[in-house]
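Trainee: Okay, here's the structure, questions in a sec.
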Amino acid sequence: MKIKDIQEEIVDEFSMFDDWMQRYEYIIELGKNLPLIKEEYKVDENLIKGCQSKVWLQGEKNDDKVVFTADSDAILTKGIIAILIRVFSNQTPKDIIDANMDFIDEIGLKEHLSPTRANGLVSMIKNIKMYALAFESKN
């Protein structure tokens, strides 16, 4: 699936909920279903700087696609990174770099996070794009 299609799918899913408590519960549920990151990747160099809680992000290039795994010690943050991984994992570096991030505003995520969590979200996106840039430059 293309990034835009996945983003639209997520916007549709979020529109099914009436209020933000239900959306938070859904985000937490997504975090619980996040595939476990290998323990060997839970190291300081994979920690995302700028997050209030600990978030580990690992990216690998598999053929021409970038595959991400992640984890967090905070359940809501784990859900947020799960959403981002769903969008960006198994995509080409160029598609990740070029991706529009409007879907985050469409689901209202940033405005419903505390300022420190919103900063963490920006840091997560930045790290994902930096992985893509690094893999793109190796081509």
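The values are calculated or read from the model by the stated rules, or taken from the named source; none is laboratory data. Model, not experiment: these values are computed from the prediction. Neighbour counts are summed over all protein chains in view; Cβ atoms, including those assigned to glycine, are modelled from backbone coordinates with ideal geometry. Surface areas here come from the heavy atoms of the whole protein model, side chains and all, with no ligands, DNA or RNA. Shrake-Rupley method; radii C 1.70, N 1.55, O 1.52, S 1.80 Å.
Trainee: Going through segment 112-124 one residue at a time, which ones are within 25 Å of Lys61 (Cβ to Cβ) and surrounded by fewer than 19 Cβ atoms within 10 Å (Cβ to Cβ)?
Mentor: Residues satisfying the conditions are Val122, Ser123.
Trainee: Asp73 fails exactly one of the following numbered conditions: (1) in contact (Cβ under 8 Å) with a residue 60 or more places away in the chain; (2) closer than 16 Å to Ile37 by Cα; (3) open to solvent by 20 Å² or more (accessible area, probe 1.4 Å). What is the number of that condition?
Mentor: Checking Asp73 against (1) in contact (Cβ under 8 Å) with a residue 60 or more places away in the chain; (2) closer than 16 Å to Ile37 by Cα; (3) open to solvent by 20 Å² or more (accessible area, probe 1.4 Å), the one that fails is (1).
Trainee: Looking at (1) assigned to a helix (DSSP H, G or I); (2) under 23 Å from Glu9 (Cα atoms); (3) modelled with pLDDT under 95; (4) not aliphatic (A, V, I, L, M), which one does Asn119 not meet, given that it meets all the others?
Mentor: (2)
Trainee: I'm trying to understand the selection: among the residues of segment 93-111, which are under 28 Å from Lys61 (Cβ atoms), open to solvent by less than 10 Å² (accessible area, probe 1.4 Å) and outside any helix (DSSP H, G or I)?
Mentor: Across segment 93-111, the qualifying residue is only Leu109.
Trainee: Condition (residue is within 17 Å of Gln7 (Cβ to Cβ), among the small types (Gly, Ala, Ser) and outside any helix (DSSP H, G or I)) applied to segment 71-90: is it met by at least one residue?
Mentor: Keep residues of segment 71-90 that are within 17 Å of Gln7 (Cβ to Cβ), which gives 79-90.
Still in the list and also among the small types (Gly, Ala, Ser): 79, 82, 89.
Those left that are additionally outside any helix (DSSP H, G or I): 89.
Scanning segment 71-90, I find at least one residue that is within 17 Å of Gln7 (Cβ to Cβ), among the small types (Gly, Ala, Ser) and outside any helix (DSSP H, G or I), so the answer is yes.
Trainee: Looking at (1) within 19 Å of Leu133 (Cα to Cα); (2) at pLDDT below 95; (3) crowded, with 16+ Cβ neighbours inside 10 Å, which is the one condition that is false for Asn62?
Mentor: Tallying (1) within 19 Å of Leu133 (Cα to Cα); (2) at pLDDT below 95; (3) crowded, with 16+ Cβ neighbours inside 10 Å, Asn62 fails exactly one: (3).
Trainee: Follow-up question, since we're still on this one. Considering each residue of segment 30-59, count those that are part of a strand (DSSP E or B) and open to solvent by 80 Å² or more (accessible area, probe 1.4 Å), and give that number.
Mentor: Counting residues in segment 30-59 that are part of a strand (DSSP E or B) and open to solvent by 80 Å² or more (accessible area, probe 1.4 Å) gives 0.
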